[in-house]
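The values are calculated or read from the model by the stated rules, or taken from the named source; none is laboratory data. Every value quoted in this text rests on a predicted model; they were computed, and no experiment measured them. Cβ atoms come from the backbone with ideal geometry, glycine included; neighbour counts cover every protein chain shown. For the accessible areas, the whole protein counts, side chains as well, though only heavy atoms, and no ligand, DNA or RNA atoms are used. Shrake-Rupley method; radii C 1.70, N 1.55, O 1.52, S 1.80 Å.
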Amino acid sequence: MKVPLSWLSAYCDPGLSVETLADQLALRAIEVERISHSGTTSPENFVVGRVLSAEQHPNADRLRVCEVETGDGPRTIVCGAPNVAAGQTVPVALPGAVMPDGTKLGKAKLRGIESDGMILSETELAIGDDGDGIAVLADRHPPAGLEAGTPLNEVVAIADPVIELEPTSNRVDCFGVYGVAREVRAITGAELAPAPWEEDAEPNGEGRVEDHASVAVEAPELCPRFTARVFTDVTIGPSPLWLKAWLSAAGQRPINNVVDITNFVMLMTAQPLHAFDLDKVPGGELIVRTANAGETMRTLDGVERRFDTEAVLVCDRDGPSGVAGIMGGEVSEVSATTTSVLLEVATWNGVNILRTSRKLGLRSDASNRFEKQLHPALAIRAQRVASRLMIELCGAKLVPGTIDVAATEPPPRRIGLRGERVEGLLGMPVPRAEREEYLRRLDFEVTADGEDLEALVPPHRYYDVTREVDLIEEVGRVHGYAEHLPSRLPEGIGHVGALTREQALRRRAEDVIRDIGFDAVVTLSLTDPGTPGRLRIGEGDERAAPITISNPLSRDHSVLRTTLLGSLLDAARHNLAHGAERVALTESGRAYLPTRPEGSDPKGTGPLAGVFAGERPAPAYEPHRIAALTVGPLAVSGWRDDDGTADFYALKGALESLCAQLGAEVSVEAGEEPFLHPGRAGRVLIEGTEAGWIGEVHPLVCREWDIDAAVAFEIDLAALVAASPLGIEQYEDVISYPAVHEDIAVVVPEGVEAARVAAAVREGGGALLRSARIFDVYRGEQVGEGRKSLALRLEFRAPDRTLTDEEVAERRAAITDALGGIGGSLRE
């Protein structure tokens, strides 16, 4: 909700800066998103001018040389607008003016004649789309206040701070500028202008409204009130500049005077309106009914809409002409040829509007207000304001009478407010007189009985204030919590909070995998019952029978996930469908299993008892896991496969980096998972304990998610935490003696895993071998068919001496013996 400060100040001006006013609103009334600006940021050097003459430029066919009075004497201005003429009152920018786009205006020589300023168009003022001609404030006889030299910002809001608000859904009154002004009055005590709807327009047309139109409401439960007025002799044209300026600052594009009036009144009162071209409504007959199944209509945005039987339509004899409370139809749209207008102001069932809007995927300013439920009394308020503007700005004649089809209006709501209850809930005393004053400022009618009050809730707060506690909240926020509520530190705290070791290491792991290059996602733990089947998990696997919750919101979110892989595949598919060229995702979250594996960490158990359906008990095991998945070209911490596709070894490197950062030793052995590619999958071992899996996702699983290829891993956090030395007090003296580095090549049968080779090397190297890292693999004629060569870099170091060549050779011989136990040998 964008509220231009000049518009707000027209109703209530507390004399505060826009920053101070926004702070007060944020503290006591409505969330403030930001303060923006409409138009120029510097209104100086913008004035009202009077065109004294407009002569053809001697050296240019499309230019005119104008003499313009700007209050300090006539000045020459060269203008290219075709509509400039003597006698006009126009907006003028003098040299030195800063335009809305930031350009600073100076004197310019155009075809040999110096121009001492600029006569401005709507586009140059940033208040409209008309840039073909100049904006005209008055044609021949300007009213008072438009004297030449008058600062332009006093006539048209060309420099307007805008407070951007985010009202909560219960405060529909604050979706109107006058409602915000009422809040300003409540919190500052400044005077509020009389409500614009207090005065109605005088009918000046012929006949009665019933002679021109009729309304039948066939669904009164969905349309509590429908009002209509008829205007004849309507002249369609552009709106005055003041109206265009306010609409533009509030985020609305000016269209024509009739449409602008409906938008202006909606933004003022929070009550939407709709204008029909009455000549396009056969017989002037409107019918409000629910749609027939499959019925269609083209809305004002040019889209053909199809409806179900819950949608409410405003129809004429020939069919739908508008979607109730959401958007009108093209069939009765107001256009340049319109001369008669039927103005509809109605009240709709908010829940029905919300449902229909979501089904159609169509959200408008009107539906945004109607779905929050408006009181029927607000309809006639908007009719009154709009009627006066139709007469004033369109030259229209108001036909006497108002069509008003109304169901039973909600009964008045009176709420008592006990004095002792106010202090008991707020924790601060508020004198009775102040309580009464605050409520009156908010338009509550208040009567007093000693220290107690009784308040009549106004229509614009009818669905918001329903209980005594709501009145107490109104009193408290206007009184001011920050200024009056005593503050003190909590008592009896003997210690400050801190993360547990597991929490700290989990955050460390999440930071590491993110810093490697993965994007963190947070997905729902609830999933589709068909997910295990799509992951090819067989019936004998407990992961194939996820736990069902007792009261799911939908079938797609009715069971708890048993693995994070399905969630990551969902997120990957969404990103790829929206144009992502590569996907590298990670998630840290829980899986949910009915039984806890023997020997697993009992800390994986979580308190979810009582929320599950059927005979299955609450899950006995909720392991926290870290998973990652990549699709497409990799760009993870420098790893990239030659063909630009997801690669097992790149992801394995990421897993090793993750474990290394936490000081844990990780290895991968051959393994199988139903959702991984046979022969391209492995078991993840952390310090020798099985902790998860890694591999290429099975092609049939990828097909289920419309993904070409993917690689993923998933490990239990408990195993990583148990293996990590971080967080445990320990240290090792810095070894100052030099290390001995050697590279060796080990030839082993093809079926021997690299992890077994590394383990054998470490066993043979003993305590002097500080590290052994595999950095290359070779297959070819030099090692023979069915064999491979692994290259390792070894680091030998002793804590108390420099190693000799003989000591290193002894360890090297021990490594050779250890390799023989797995069928390997050193390559010469």
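Structure notes:
- A count restricted to segment 411-425 and to residues that are in a helix (DSSP H, G or I), without any contact (Cβ under 8 Å) to a residue 40 or more places away in the chain and within 23 Å of Glu445 (Cβ to Cβ) stands at 2.
- Single unsatisfied condition, Ser525 versus (1) more than 16 Å from Arg590 (Cα to Cα); (2) small (Gly, Ala, Ser); (3) open to solvent by less than 40 Å² (accessible area, probe 1.4 Å): (1)
- Check on Thr232, surrounded by fewer than 23 Cβ atoms within 10 Å (Cβ to Cβ), at pLDDT 95 or above and polar (S, T, N, Q): yes
- Residues within segment 549-568 that are surrounded by 18 or more Cβ atoms within 10 Å (Cβ to Cβ), out of contact with any Phe, Trp or Tyr (no Cβ under 9 Å at 6 or more places or on another chain) and in a loop (DSSP other than H, G, I, E, B), tallied: 2
- Between Arg703, Arg680, the distinction of being open to solvent by 20 Å² or more (accessible area, probe 1.4 Å) and closer than 24 Å to Ala758 by Cα belongs to Arg680 only.
- Close pairs (9 angstrom Cβ cut-off, 6 or more residues apart or separate chains): open to solvent by less than 20 Å² (accessible area, probe 1.4 Å) in segment 1-20, among the charged types (D, E, K, R) and modelled with pLDDT of 95 or more anywhere: Val3/Glu164; Cys12/Arg182; Cys12/Glu183; Cys12/Arg185; Cys12/Glu191
- For the residues Ala758, Ala722, Ala709, the requirement of being within 18 Å of Phe648 (Cβ to Cβ) and open to solvent by 40 Å² or more (accessible area, probe 1.4 Å) singles out Ala709.
- Residue in segment 594-604 that is open to solvent by 60 Å² or more (accessible area, probe 1.4 Å), within 25 Å of the chain's Cα centre (by Cα) and either at pLDDT 90 or above or farther than 23 Å from Leu700 by Cβ (or both) present: no
- Residues of segment 353-387 satisfying the condition of being more than 26 Å from Glu198 (Cα to Cα), open to solvent by less than 20 Å² (accessible area, probe 1.4 Å) and either basic (Lys, Arg) or more than 19 Å from the chain's Cα centre (by Cα) (or both): Ile353, Thr356
- For Val405, the criteria (1) closer than 26 Å to Lys244 by Cβ; (2) touching a residue at least 60 places away in the same chain (Cβ under 8 Å) hold in every case but one, which is (1).
- When Pro546, Pro532 are checked against the criterion of being part of a helix (DSSP H, G or I), touching a helix residue (DSSP H, G or I) at 6+ places or on another chain (Cβ under 7 Å), open to solvent by less than 70 Å² (accessible area, probe 1.4 Å) and over 25 Å from Leu658 (Cα atoms), Pro532 stands alone in meeting it.
- Entry remark, segment 762-791: residues being surrounded by 14 or more Cβ atoms within 10 Å (Cβ to Cβ) and within 20 Å of Glu687 (Cα to Cα) number 10 in total.
- Condition check for Glu795 on (1) in contact with a His (Cβ under 9 Å, 6 or more places away or on another chain); (2) in a loop (DSSP other than H, G, I, E, B): one failure, at (2).
- Boolean, Ser667 is polar (S, T, N, Q) and within 36 Å of the chain's Cα centre (by Cα): no
- Some residue of segment 459-468 being farther than 30 Å from Trp197 by Cβ, surrounded by fewer than 16 Cβ atoms within 10 Å (Cβ to Cβ) and touching a residue at least 24 places away in the same chain (Cβ under 8 Å): no
- Residues satisfying the stated conditions in segment 153-169, i.e. open to solvent by less than 10 Å² (accessible area, probe 1.4 Å), of a type in the set (A, V, I, L, M) and at pLDDT below 95: Val156, Ile158
- Selection status of Thr269, of a type in the set (Ser, Thr, Tyr), touching an Asp or Glu at 6+ places or on another chain (Cβ under 8 Å) and either modelled with pLDDT of 95 or more or open to solvent by 10 Å² or more (accessible area, probe 1.4 Å) (or both): no
- A count restricted to segment 471-490 and to residues that are open to solvent by less than 80 Å² (accessible area, probe 1.4 Å) and assigned to a loop (DSSP other than H, G, I, E, B) stands at 2.
- Reported count of residues in segment 349-372, each being in a loop (DSSP other than H, G, I, E, B) and in contact with a Ser or Thr (Cβ under 9 Å, 6 or more places away or on another chain), is 5.
- For Asp132, the conditions (1) under 14 Å from Val84 (Cβ atoms); (2) of a type outside the set (Gly, Ala, Ser); (3) over 39 Å from the mean Cα position of the chain (by Cα) are fulfilled apart from (3).
- Within segment 247-290, the only residue that satisfies the criterion of being assigned to a loop (DSSP other than H, G, I, E, B) and charged (D, E, K, R) is Arg253.
- The single condition from (1) part of a loop (DSSP other than H, G, I, E, B); (2) open to solvent by 50 Å² or more (accessible area, probe 1.4 Å); (3) of a type in the set (A, V, I, L, M); (4) without any contact (Cβ under 8 Å) to a residue 40 or more places away in the chain that Ala86 fails is (2).
- Enumeration of residues in segment 508-522 that are assigned to a helix (DSSP H, G or I) and open to solvent by 40 Å² or more (accessible area, probe 1.4 Å): Arg508, Glu510, Asp511, Arg514, Asp515
- Residue count for segment 617-663 under the criterion of being modelled with pLDDT under 90, assigned to a loop (DSSP other than H, G, I, E, B) and crowded, with 20+ Cβ neighbours inside 10 Å: the result is 5.
- Residue-level analysis places Thr41 among those that are of a type in the set (S, T, N, Q), in contact with a Pro (Cβ under 9 Å, 6 or more places away or on another chain) and either within 30 Å of Gln252 (Cα to Cα) or outside any loop (DSSP other than H, G, I, E, B) (or both).
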